[in-house]
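**Q** One structure coming up, written as structure tokens, with questions to follow.
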């Protein structure tokens with residue numbers, strides 16, 4: 001989507017993305033090697049009563065869905081960061097995840113960049129929210145004509 005296609009209040013959906021145990025284990029071994037992400041047997045007796053994906057993997061899944069569905073072909077080139085990240089419910093192997101992105105603000109900065117503030121929520125197949133974050137995306141736009 002092009003920057004001009006976004007507007008406040010807009011709700012966008014992407015997915016589903018199916019995550020399996022090997023993806024959870026591979027990511028965790030490389031990037032978040034905590035036992036509840038890497039050891040299915042120990043995780044079964046842990047506080048989550050089973051293996052769960054890293055929250056950072058959950059963010060990566062949301063980014064993939066957003067990039068493929070909303071940012072592909074756009075003028076998007078960077079993000080200065082996120083206002084917050086929350087993981088209300090764990091992502092488990094076998095979950096089918098969908099992204100709901102709600103546009104909060106669309107504006108042009110003084111330097112001429114497009115600024116998009118939006119909320120991303122990732123939901124599993126049961127409608128449970130697994131991720132909630134507010135991101136800012138920057139878009140390289142043509143210079144506005146001077147008056």
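**Q** Explain nothing, just the number: relative contact order of the chain, from Cα pairs under 8 Å at least 6 residues apart, as a whole percent.
**A** 29 percent
**Q** Can you work out the FRET efficiency for the pair residue 26 and residue 5, with r the C-beta to C-beta distance and R0 = 41 Å, to the nearest 0.05?
**A** 0.70
**Q** Take the alpha carbon atoms of region 1-67, find their radius of gyration, then divide it by 2.2 N^0.38 Å using N residues; give the quotient.
**A** It is 1.46.
**Q** Ok, one more. If R0 is 30 Å, what FRET efficiency do you get for residue 44 and residue 13 from their C-beta distance, rounded to 0.05?
**A** E(calc), rounded to 0.05, equals 0.35.
**Q** While we're on this one: In Å³ and rounded to a whole number, note down the convex hull volume per residue for the Cα atoms of region 92-143.
**A** 83 Å³
**Q** Over region 1-83, what is the mean sequence separation of C-alpha contacts under 8 Å (at least six apart), divided by residue count, expressed as relative contact order in percent?
**A** 36 percent
**Q** Starting from a Cα-only point model with no solvent, please compute log10 I(q)/I(0) by Debye for the chain at q = 0.15 1/Å.
**A** -0.77
**Q** Hey, what D do you get for region 54-103 in µm²/s if you plug the Kirkwood alpha-carbon radius into Stokes-Einstein at 25 °C and 0.890 mPa s?
**A** After rounding, the answer is 196 µm²/s.
Each reported figure results from applying straightforward, stated rules to the coordinates on display, with no laboratory input. Keep in mind that what you see is a predicted model, and the values were worked out from it rather than measured. Neighbour counts are summed over all protein chains in view; Cβ atoms, including those assigned to glycine, are modelled from backbone coordinates with ideal geometry.
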